[in-house]
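Data block below; observations after.
Laboratory data are not the source of any read-out in this text; all were calculated from the coordinates shown. Every value quoted in this text rests on a predicted model; they were computed, and no experiment measured them. So basically every Cβ, Gly included, is an ideal-geometry build from the backbone, and we count neighbours across all protein chains shown.
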Amino acid sequence: MAQKEATIIGAGLVGSLLSIYLSKRGYKVTAYERRGDMRKEKTAAGRSINLALSDRGIKALEEVGLMDEIRKICIPMHGRYLHHADGTTAFQPYGKEGQFINSVSRGELNKKLMDLAEQHGATIAFNEMCTDISWKDNQVGFENTLNHKHQTVNFKLCFGSDGAYSAARLTHHLQHDRFQYQQYYIDFGYKELCIPPGADGSFRLEKNALHIWPRGNYMLIALPNMDGSFTCTLFFPFDGDPSFASLDTKEKVRSFFKKTFTDAEQLMPTLEEDFFHNPTSSLVTVKCYPWVRNDKFALIGDAAHAIVPFFGQGMNCGFEDCSVLNGLIDKHNEDWSAILPEYQALRKPDADAIADLALNNFVEMRDKVADPKFLLQKKIEAAFSKKYPDKWIPAYSQVTFSPHIRYCDALVNGKRQEAIMQEIMAMPGIETKWESEEVEGMILDKLKA
Ligand code: FAD
């Protein structure tokens, strides 16, 4: 029998996870990664970048047997810890008791995925950048980023998991009739900053929370790291006042932070250096179609669907892609001419939905979480959901804690619930009667309608 083979372009989070799934199934996997081997490179202190890992991603990591190890490097975040402009703080749980998301180092997670992929027999070729694909000959071209030598690799089955600015997608795109492509940049960029640990290695903010400083048009967030530090991300307009463009001197940065993020600023001794040293990056949503070519090629992860980070779902969604694909390999008994079209048919609506949900969540995080009316709405929903868990799951929980609910269903359910809540919130005196039978009865009636 011919050897089963897979060529994977990009060994980031998703490409490495996919390498594990396929190697475990007996495929001879070779992943080609543009960067050097991060396991051999030293990361500069204070440059840890973390991500929120939640139930969809956890499900996939459990399937490949990695979650027990990843759990050791996760910090549970049980809710949002809000730092208001007036200096007050508030804690909003993410879900029911016992539900949390996890802060995990992107680098450490990627390294562990690479280790496991290799343990299962995958080969990762580093410093190999995909430059082109020939669909006629089923060949991928790579350029070595160190010696600039080119090589051509024949493939039987190939995946483009090379991220939001995918070269695989581009060559697929340019050589495909009626390829649909939509790219949308928001007017905000982001910059990573740092809150170091205390002298004794302690966390200088509440450890088990995702911190947010919501300021209407923009926000600062902070996620905890294992070493006691926090990685902060400033989501901020590129232009206008204030903006990345207007904060153009160290003095302006320090004084803006002092005034706007007072309690954070006191914990940021390297603010000026970080601000001017770290890049200002843009935030893009990419939607495209088709993702697959016959039984030979598919886009996966950010290469298929880059989204903005405001729901903490990009990686989780990419991991879910891998898990769904794995289920389809079982279903279709390795018949890739059936697997790939169904993978695309299932995942495209979900990717489009989480892209929209993520864009909407920016407004919620930077602005609405500071609005007492919005907080009351969330309280009513949480109370109703606690009493009628089979009738109402808050939208955030559907996306984050309910991998059995598809993103596209979560989007539809969420819109319906939001419409009901708008009517509830418009009830005169809702502030005082929100726990009443009248309100509960009205929600039940509206759910029946
Ligand atoms: P990537 O992680 O981008 O990996 C692509 C890999 O391909 C890289 O290793 C790259 O070097 C390689 N590559 C690129 N081009 C080539 C080429 N030509 N040839 C060979 N290799 C190539 N998601 C969450 O779930 N939770 C979060 O909290 C979260 N926070 C985020 C915060 C920010 C600020 C941003 C920007 C994103 C966040 N995300 C989050 C999204 C998450 O980072 C991505 O969805 C995830 O990294 C996608 O994984 P990927 O493997 O598809 O792509």
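Only DSSP H runs of four or more residues enter the estimate; each adds -39500 (n - 2.57), and after division by the residues of the chain the mean residue ellipticity at 222 nm equals -12000 deg cm²/dmol.
Summary of the geometry: region 151-196 and region 17-73, compared by the centres of their Cα atoms, lie 19 Å apart.
If you run the Gaussian network model on the chain, springs between alpha carbon atoms under 10 Å, then out of Val286, Val363, Val439 the most flexible one is Val439. With the contact rule set at Cα under 8 Å and sequence spacing of 6 or more, what percent relative contact order holds for region 86-147? 18 percent. Note on Met67 and Thr89: the model spin-label points, each 7 Å out from Cα along the C-beta direction, lie 3.1 nm apart.
Note that region 235-246 has calculated 3J(HN,Hα) couplings of 9, 8, x, 5, 10, x, 9, x, 6, 4, 5, 7 Hz, one per residue in order, obtained from phi through the Karplus relation 6.51 cos²θ - 1.76 cosθ + 1.60 (θ = phi - 60°); glycine and proline are x. Each residue of region 396-409 is assigned a 3J(HN,Hα), and the resulting list reads 4, 5, 4, 6, 8, 10, 10, x, 6, 9, 5, 4, 5, 6 Hz, derived from the Karplus form 6.51 cos²θ - 1.76 cosθ + 1.60 (θ = phi - 60°), x at Gly and Pro.
Could you tell me whether the chain comes out rounded, prolate or oblate from its Cα gyration tensor? Rule is a ≥ b ≥ c as square roots of the eigenvalues, rounded for a/c under 1.5, then prolate if a/b exceeds b/c, otherwise oblate. Since a/c reaches 1.5 but b/c is at least a/b, the shape of the chain is classed as oblate. Annotation note: GluC sites (Glu not before Pro) in region 69-138 located in DSSP loop regions with a Cβ neighbour count of at most 15 within 10 Å are Glu97.
Each Lys or Arg adds one and each Asp or Glu subtracts one; over the other residues with Cβ under 12 Å from the Cβ of Val369, this totals +3.
Prolate is the label for region 25-155. Its Cα gyration tensor axes, ordered a ≥ b ≥ c, give a/c of at least 1.5 and a/b above b/c.
Restricting the trypsin sites (Lys or Arg not before Pro) of region 174-226 to loop positions (DSSP other than H, G, I, E, B) with no more than 13 neighbouring Cβ atoms within 10 Å leaves Arg178. Averaging the Cα positions of each part gives two centres, and for region 235-277 and region 380-440 these lie 37 Å apart. What the Cβ-Cβ distance of Ala2 and Lys331 gives, at R0 = 35 Å and to the nearest 0.05, is a FRET efficiency of 0.95.
Taking amide H positions as modeled 1.01 Å from N, with prolines and chain starts lacking one, the residues under 5 Å from Ala125 and 5 or more places away or on another chain are Ala31, Tyr32, Glu33.
The GluC sites (Glu not before Pro) of region 375-446 that meet both conditions, a loop assignment by DSSP and at most 13 other Cβ atoms within 10 Å of the site Cβ, are Glu435. Pairs spanning more than 32 Å between alpha-carbon atoms, out of Lys42/Lys136; Lys111/Lys156; Lys42/Lys378; Lys28/Lys191: Lys42/Lys136; Lys42/Lys378; Lys28/Lys191. For region 299-408, the gyration tensor built on C-alpha atoms gives an oblate shape. Its axis ratio a/c (a ≥ b ≥ c) is at least 1.5, and a/b is not larger than b/c.
Taking Glu33, Glu251, Glu63 as the candidate residues, the one with maximal mean-square fluctuation in a Gaussian network model of the chain, Cα springs under 10 Å, is Glu251.
Along the positive direction of the dipole of region 215-367 (beta-carbon charges: Lys, Arg +1; Asp, Glu -1; about the Cα centre), which of Asn326, Phe244, Phe230 reaches farthest? So the residue furthest toward the plus end is Phe244. Comparing Pro309, Pro196, Pro428 in a Gaussian network model of the chain, where Cα atoms under 10 Å apart are tied by springs, the biggest mean-square fluctuation is seen for Pro428. Residues Asp350, Asp445, ranked from the fewest to the most other C-beta atoms within 10 Å, line up as Asp445, Asp350.
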